[in-house]
Amino acid sequence: MKSPLLSLPGAVPGEGPDEGVAAHYGDLFREQRALADGSGFVDLSHRGVVTVTGADRLSWLHLLLTQHVQELPAGQATEALILSAHGHIEHALYLVDDGETTWAHVEPGSQGDLIAYLESMKFFYRVEIADRTGEYAVVHLPAGSITEAPEDTVVREAAHGRDLFLPRERLESFAGAAGPPVGVLAYEALRVEAHRPRLGLETDHRTIPHELGWIGTAVHLEKGCYRGQETVARVHNLGKPPRRLVFLHLDGSEVKLPGHGAPIRLAADGEEGRQLGFITSSARHHELGPIALALVKRNVPVDAELLADTTAAAQEVVVEP
């Protein structure tokens, strides 16, 4: 989905998973400061939108998701995962129910596979699943924003801000009234600062929720009856995950940020040392400078100086070893 807001002055298109919306509008740090101060909005209209309707929607989703949603109150935001039979993360859903419909936004392009899985699990339940990406655009308002959501708009309110499910035909008019536009690079920098994992960046084909700190926020430990639950319970009760998410402060003298997949090594071992992990996301922060998230082996010492490709990095613990 290519956003019409790419025609706004200064808009520079995003790349990779954020292709289709603006990376920035000409001043990355000004946009970050605006977002951190509670002003502006972020165009996330490239994200997939999926709805589930029907009398059984919450009880049915409760059986499939890692989150406890059977009695989810109308208007209460939550997030949930869908796991493989071996407990590996396949989908991340950001949910809200409006009393009649459960709304979710998901990673760009992932809605097709998600819907195919959900359709295969309908059986005799009274549910209807729909891809609403072509009809609704996701727009983010930061925490503290005084911008009001248009009437009849579904709103998902979380600690870091509100996600609006806005009819696509109203996107341009909303942008004109909502304050300065903020690109996804600013949104991503604040996400990295807050240690919030993102599917497809912090995850690979073998990631389990414990490695990213998703236990408690997206995984409810006191419910069963979902695919992959045995792995979740076993690792939580009997062991430790093989890897852990860390936050990195990167050497600010380097011009280029280490990209997704860049190897992590011990600084003491140099650039030829054994790879111990990889960069998942990196960003330039308006206050902290260059920062990153990385997934490293659990036994990497928490006080060890690291190399992110060729860039020196100091780590902060996100997930305890």
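Values for this structure:
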quantity	calculated
Looking only at segment 72-117, and only at residues there that are assigned to a strand (DSSP E or B) and of a type in the set (Val, Ile, Thr), the one that is surrounded by the fewest Cβ atoms within 10 Å (Cβ to Cβ)	THR101
Pair list, Cβ under 9 Å, 6 or more apart: segment 87-105 residue in contact (Cβ under 8 Å) with a residue 60 or more places away in the chain and within 15 Å of ILE115 (Cα to Cα), other residue among the basic types (Lys, Arg) and open to solvent by 40 Å² or more (accessible area, probe 1.4 Å)	TRP103/ARG132
Residue in segment 13-33 that is part of a loop (DSSP other than H, G, I, E, B), among the β-branched types (Val, Ile, Thr) and buried (at least 22 other Cβ atoms within 10 Å of the Cβ) present	yes
Pairs with Cβ under 8 Å, 6+ apart, first in segment 32-48 and more than 23 Å from ALA104 (Cβ to Cβ), second of a type in the set (Asp, Glu)	GLY40/GLU31
Hey, VAL246 touching a residue at least 40 places away in the same chain (Cβ under 8 Å), under 29 Å from TYR117 (Cα atoms) and among the aliphatic types (A, V, I, L, M) or not	no
Test for GLU271: is it outside any strand (DSSP E or B) and modelled with pLDDT under 95	yes
Complete set of residues in segment 195-224 that are more than 22 Å from VAL21 (Cα to Cα), open to solvent by 10 Å² or more (accessible area, probe 1.4 Å) and of a type in the set (A, V, I, L, M)	ILE208, ILE215, LEU221
Identity of the residue in segment 166-188, under 22 Å from ARG132 (Cβ atoms) and of a type in the set (Asp, Glu), that ends up most open to solvent (accessible area, probe 1.4 Å)	GLU169
Candidate set from segment 253-281 (those that are open to solvent by less than 40 Å² (accessible area, probe 1.4 Å) and of a type in the set (Ser, Thr, Tyr)); member that is farthest from ARG191 (Cα to Cα)	THR280
Filtered residue count, segment 234-250, keeping only those that are modelled with pLDDT under 95 and either assigned to a strand (DSSP E or B) or farther than 25 Å from TRP214 by Cβ (or both)	0
Among residues of segment 129-164, those that are outside any loop (DSSP other than H, G, I, E, B) and over 17 Å from VAL184 (Cα atoms), counted	9
Among (1) more than 25 Å from ARG196 (Cβ to Cβ); (2) open to solvent by 20 Å² or more (accessible area, probe 1.4 Å); (3) not hydroxyl-bearing (Ser, Thr, Tyr), the one test that VAL127 misses	(2)
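The values are calculated or read from the model by the stated rules, or taken from the named source; none is laboratory data. Because the structure is predicted, anything quoted here is derived from the model rather than measured. Glycine gets a Cβ as well: all are built from the backbone with ideal geometry, and neighbour counts include every protein chain shown. Heads up: the accessible areas ignore ligands, DNA and RNA and are worked out on the full protein's heavy atoms, side chains in. Shrake-Rupley method; radii C 1.70, N 1.55, O 1.52, S 1.80 Å.
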